1. Please give the contour-minus-distance gain from residue 42 to residue 183: 0.36 nm per residue of separation, less the Cα-Cα distance, rounded to one decimal in nm.
2. Find the centroid of the Cα atoms in region 149-186 and in region 1-23, then give the distance between the two in whole Å.
3. If you wrap a convex hull around the Cα atoms of region 164-246, how much volume per residue is inside, in Å³?
4. What length, rounded to one decimal in nm, is gained on full extension from residue 264 through to residue 19, with 0.36 nm per residue of separation minus their alpha-carbon distance?
5. Among 96, 111, 332, which one shows the biggest mean-square fluctuation in a GNM of the chain, springs joining Cα atoms closer than 10 Å?
6. Given the Cα-Cα distance of residue 71 and residue 102 and 0.36 nm per residue of separation, how much length would full extension add, in nm?
7. Please state the relative contact order of region 38-277 as a whole percent: Cα pairs under 8 Å, 6+ residues apart?
8. Using a 10 Å cut-off around each Cβ, can you sort 224, 122, 19 from fewest to most neighbouring Cβ atoms?
Ligand SMILES: *Cc1c(COP(=O)(O)O)cnc(C)c1O
């Protein structure tokens, strides 16, 4: 590093020049993140120096983390549920597989999940020595329940269903998975990293939460549709006993045990996540989410009017089409199968959809 520090002005012109290389959200149609809500930024800033890794020093911040867990557990219909704020879906999924593994005590445990599962499960499988068993999807890209039955065996320690798949925006048949899990006594995790803050705010949506008795845990990411600052995920469990399998003694901290994967943890994004929910309330969230779904439907109708067909009708605001050429400056993404994928996040408002459709129309209409 430098021996003598540089001037503040020089430093910030250097940093700003780098920031200018980043893309503007106005052309990003591929991300599950979105600029944070102003209230999230304000709350994050207020709590910028807090460390939830040592909660005895920050009891106020820690109580807000508990309140966030309470709010989301209640939203997912398990008012007495427990959990903690993670760094996102990846950490939540890793942690839940640690729990499932320790509960089942099998020699060579496996995890049955859909082919559409997020790649974080591969990381978790690798770290934990778990066999990952992907099962096929049906024609609508939802987990095929018959294939699930075939894949489960005596060594299955966890069944995973996705509520809002990353690539196609579909919700797996969680009700059927819940019955299977209950019948067979298997831990069922629902990865609702994306859909968890979409589905509760839609007038009609498939069941995915703790109201289904077989569901043991849910992952949800406020840094996606919760419009929090990054990183904000939450892992929720129906049973405190399950969370406690993660407990580790923490000799030099202000509390005696922790359940988290990371040690030092930022309080800012956690309070930001809570702040957005409190500020908007369910009515405000409904307005945002239903706006995103309206834009999703408009995008589908517009694209299909040019003869560009959707792949499936999504349950959440992630939409896929047959592959086409995309003009500048739009940033889209492509699924593993090569389909065009667009996420209608809050920043992708109606005007952006029209402007995108206009550009596509010039090429395909
Ligand atoms: C985004 C996502 C994840 C990963 O979350 P990160 O916050 O990126 O770690 C996991 N599962 C699903 C379904 C997701 O959409």
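1. Numbers: separation 141, 0.36 × 141 = 50.76 nm, distance 4.70 nm.
Computed gain between residue 42 and residue 183 is 46.1 nm.
2. With region 149-186 and region 1-23 each reduced to a Cα centre, they are spaced 49 Å.
3. Details: hull volume 9.0 nm³, N = 83.
It is 108 Å³ per residue.
4. 85.5 nm
5. Looking only at 96, 111, 332, the biggest GNM fluctuation is shown by 332.
6. Details: separation 31, 0.36 × 31 = 11.16 nm, distance 2.76 nm.
Length gained, residue 71 through residue 102: 8.4 nm.
7. Working: 517 pairs, mean separation 74.1, N = 240.
RCO, region 38-277: 31 percent.
8. Numbers: 224 27, 122 14, 19 9.
By the 10 Å Cβ count, ascending: 19, 122, 224.
Readers should treat all values here as calculations from the given coordinates under stated rules, not as data from a laboratory. No experiment lies behind these values; they were computed from the predicted model shown. Using ideal geometry, Cβ is built from the backbone for each residue, glycine included, and neighbour counts are taken over all protein chains shown.
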